Amino acid sequence: MANKPHESNTALKPEVAKPKLPPMFKVLLLNDDYTPMEFVVEVIEHFFNKSREQATQIMLKVHTEGAGVCGVYPQDIAETKMNQVVSHARTSQHPLQCIIEMA
Ligand code: TYC
């Protein structure tokens with residue numbers, strides 16, 4: 001419909017609620033030749049809230065394929081988990097590596 005002379009198209013459109021999901025990040029463990037399997041299983045159980053069975057499957061995937069996803073989280077949580085895992089591994093003098101990737 002045409003505008004009347006004193007009107008223009010500057011009116012704000014009604015806000016439409018569009019819930020934005022936060023960008024998600026995968027937390028991965030990388031394989032190495034030195035970190036004991038039992039330590040890795042305990043890390044996955046403790047930091048990623050997995051059962052013993054789930055943790056063992058993830059550890060074996062990392063061991064055979066080189067890397068594996070332990071969980072997917074918003075960026076700040078993913079970064080915190082990565083830092084906690086690396087810090088715990090270094091405290092125990094294991095070279096375990098943990099990284100994040102955009103999901
Ligand atoms: N490859 C290690 C070993 O044979 C086990 C291991 C699994 C290490 C997963 C790291 O993220 C890892 N002891």
For region 29-65, what are the residues that are buried (at least 17 other Cβ atoms within 10 Å of the Cβ) and outside any helix (DSSP H, G or I)? LEU29, ASN31, THR35, LYS50
Take the residues in region 11-37 that are at pLDDT 95 or above and more than 19 Å from SER87 (Cβ to Cβ), then tell me which one is farthest from the ligand (Cβ to nearest atom). PRO23
For the list (1) touching a helix residue (DSSP H, G or I) at 6+ places or on another chain (Cβ under 8 Å); (2) buried (at least 18 other Cβ atoms within 10 Å of the Cβ); (3) not in a strand (DSSP E or B), I need the number of the one condition that MET82 fails. (1)
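The values are calculated or read from the model by the stated rules, or taken from the named source; none is laboratory data. Remember, it's a predicted structure, so these values are computed and weren't measured experimentally. Positions of Cβ are generated from backbone atoms using ideal geometry, with glycine treated the same way; all protein chains shown enter the neighbour counts.
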